[in-house]
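For reference, the structure discussed in these notes is given below.
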């Protein structure tokens, strides 16, 4: 091909690329463009933003997919100004699937400034089956300045993936665990509060807890567990899990154990009762502020004694 012809072809292709319209991210307003969050999620694509006005909204239905890279912002930045509540289609309906699902590669989805209140339809025909509010599968999701209040069963179930919780609160929940089951790669919990959460009696195997860490690394910093209970334990750290806590405070909680440790725990500047951290098998607890790294073992109380505390 002659140089002039080649140059003309390059110029033509460059012009075509310039003229191709770029896909622009959109902003969806609730209730302006869409009546509620589930409707907005049906039309939103990665990179879009969903802005939810102050008010109270009903969340009806199950398996609402949150696209990767979507940003959801609620209210006016004031806690409680944007409230989501779970609602059934008919009387007696129970949660037979997760409400929100995050599944797919790409940028993390992000949710800010929303209060999730009265998500209490988690009790179904099979008591030990627990469908969470959020199911995360090999994806990432970020929360900032969000609240979960008066919820029943489980808020998060991470089956892979990870995410972050910053300036969030979990209160008046009940479950086994009530807040988070994590089996992903990395979860960050920063400046969060867990308070007034308790165990539900139909937990199979007597393992009522707040966090169940089954795998990966969980990093907790500047966070508080207060006024929780009754609970068997607040934290479960499985054999494949690592907990790194910096500035974690556990206070005024009615529990048999603060934590059950089968994996590895690294503590720095944490307020805990070491006698209430039970180490199982090859589990280890390393305290940066203690007299050297050591694994702390505590004698297991009898099952009859445990049951007596909850009667």
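You can think of it this way: the chain between residue 240 and residue 58 has 61.7 nm of extra reach, that is 0.36 nm per residue less the Cα-Cα gap. Highest mean packing comes first when the peptides 137-146, 170-179, 25-34 are listed by Cβ atoms within 10 Å, giving 170-179, 137-146, 25-34.
So for 235, 51, fewest C-beta neighbours within 10 Å to most, what's the order?
Values: 235 29, 51 17.
Least crowded to most crowded, the residues run 51, 235.
Distance from the C-alpha centroid of region 245-277 to that of region 119-184: 21 Å, rounded to the whole angstrom. Debye-formula intensities of region 24-309, expressed as log10 I(q)/I(0) at q = 0.07, 0.15 Å⁻¹, are -0.26, -1.12 (one equal scatterer per alpha-carbon, no solvent).
Of the peptides 238-244, 52-58, the order by per-residue mean of other Cβ atoms within 10 Å, starting with the highest, comes out as 238-244, 52-58.
Rounded if a/c is under 1.5, else prolate if a/b is larger than b/c, else oblate: which is region 63-107, with a ≥ b ≥ c the root eigenvalues of its Cα gyration tensor? Each step should come with its number before you reach the end.
Numbers: a/c = 4.06, a/b = 1.15, b/c = 3.53.
Because a/c hits 1.5 or more and a/b fails to exceed b/c, region 63-107 counts as oblate.
The modelled label-to-label distance for the pair residue 191/residue 76, using points 7 Å beyond Cα in the direction of Cβ, is 2.2 nm.
Rounded if a/c is under 1.5, else prolate if a/b beats b/c, else oblate: with a ≥ b ≥ c from the C-alpha gyration tensor eigenvalues square-rooted, which is region 171-289?
It comes out rounded by the Cα gyration axes.
Of 260, 234, 224, the sequence from fewest to most neighbouring Cβ atoms within 10 angstrom is 224, 260, 234.
The peptide list 85-91, 249-255, 154-160, put in order of mean Cβ contacts within 10 Å with the highest first, becomes 154-160, 249-255, 85-91.
Computed from the coordinates by the stated procedures, all read-outs in this text should not be read as laboratory data. Since the model is a prediction, treat every value here as computed from it, not as a measurement. We place every Cβ from the backbone using ideal geometry, glycine too, and count neighbours over all the protein chains shown.
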